[in-house]
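Take a look at the structure below.
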Amino acid sequence: MRAFASHAVAGSLLVMAACSPQVPDSAAGVGIDGDPFAPPPAVGTTINGDPLVPPARVSSTPYEAGEGQTGGGVAAVDDASSSDADLARETAAALAASRANSGVAPLEASPANPAPPLAGNGGISDENDFEAVAARQTIESDAARLERQRAQYRLVQPTSLPERDADTGPNIVRYALSTSNPKGVRVYSRSGLNLAARHERNCAAFASPDQAQIAFLEGGGPKRDRQALDPDGDGYACDWDPAPYRQAVQN
């Protein structure tokens with residue numbers, strides 16, 4: 001009975017050993033063919049020991065230069081390989097095309113270069129060029145031109161200003177010249193509720209301070225101000241200022 005148990009245990013161990021994974025070799029793959037101490041490959045061979053592809057044979061005979069090229073100094077590919085020869089011819093043709101130009105010397109940018117001439121630009125005058133003017137004008141022609149200009153000169157005499165109609169409304173220029181107090185200096189008393197709010201709302205209805213001043217004078221200003229156009233009582237509505245009119249008369 002004990003012998004049978006021993007054989008059963010031994011058989012189980014063999015089965016488990018067969019199923020267990022193999023431990024890889026830590027030195028495998030190092031070096032050439034897995035040998036870390038193998039010598040390096042010989043010169044002219046690959047890492048696997050195969051011989052390298054021999055380099056293309058090159059002839060030392062210089063090729064004949066084409067038009068626009070200089071010969072000599074460039075080796076031609078041996079005729080043993082037709083594809084290499086075709087590649088050499090294509091390279092030579094590309095070099096010839098790159099060296100060719102339109103025959104015009106390239107422009108070198110430099111401050112010392114003269115400015116290019118202007119052709120067909122009739123919008124630029126040469127009146128400040130003495131040589132150009134002297135080529136087409138003389139002292140006599142200048143004198144004749146001045147005489148023609150003097151003959152065409154006409155002096156216009158000033159006339160009196162037209163009379164202003166009486167029914168055209170208040171004259172703010174005349175009103176500005178009739179006052180002397182600066183803007184913001186109180187001259188007339190003002191009273192009422194919400195003057196500031198009414199002032200902002202009513203002044204916004206006018207396109208300009210001049211129009212507001214005309215409406216202010218038409219409504220009884222400067223003594224009366226029913227629309228709150230002049231809450232500070234200086235006699236000027238909605239930031240209207242008489243100073244420019246006074247300054248114009250002084251000048």
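Against the condition modelled with pLDDT of 90 or more, touching a Phe, Trp or Tyr at 6+ places or on another chain (Cβ under 6 Å) and either part of a helix (DSSP H, G or I) or over 30 Å from GLU218 (Cβ atoms) (or both), how does ALA176 come out, does it pass?
It is true that ALA176 is modelled with pLDDT of 90 or more, touching a Phe, Trp or Tyr at 6+ places or on another chain (Cβ under 6 Å) and either part of a helix (DSSP H, G or I) or over 30 Å from GLU218 (Cβ atoms) (or both).
For the stretch 205-233, which positions are of a type in the set (A, V, I, L, M) and either within 21 Å of SER178 (Cβ to Cβ) or modelled with pLDDT of 95 or more (or both)?
Scanning the stretch 205-233 gives ALA212, ILE214, ALA215, LEU217, LEU229.
I'd like to verify a number: residues in the stretch 149-203 that are more than 53 Å from the chain's Cα centre (by Cα), hydrophobic (A, V, I, L, M, F, W, C) and surrounded by 12 or more Cβ atoms within 10 Å (Cβ to Cβ), how many?
Total satisfying the criteria: 2.
Considering only the stretch 192-243, how many residues are without any contact (Cβ under 8 Å) to a residue 40 or more places away in the chain, over 13 Å from PRO170 (Cα atoms) and assigned to a helix (DSSP H, G or I)?
The total comes to 10.
Within the stretch 143-159, can one find any residue that is outside any loop (DSSP other than H, G, I, E, B), farther than 25 Å from VAL249 by Cβ and hydroxyl-bearing (Ser, Thr, Tyr)?
For the stretch 143-159, residues outside any loop (DSSP other than H, G, I, E, B), farther than 25 Å from VAL249 by Cβ and hydroxyl-bearing (Ser, Thr, Tyr): absent.
If I ask for residues that are over 16 Å from SER178 (Cα atoms) and surrounded by 20 or more Cβ atoms within 10 Å (Cβ to Cβ), which ones from the stretch 238-251 would you list?
If the condition is that a residue be over 16 Å from SER178 (Cα atoms) and surrounded by 20 or more Cβ atoms within 10 Å (Cβ to Cβ), then CYS238 is the only one that fits.
The values are calculated or read from the model by the stated rules, or taken from the named source; none is laboratory data. None of these values were measured; they are calculated from a predicted model. In this analysis, Cβ positions are derived from the backbone assuming ideal geometry, glycine residues included, and neighbour counts consider all displayed protein chains.
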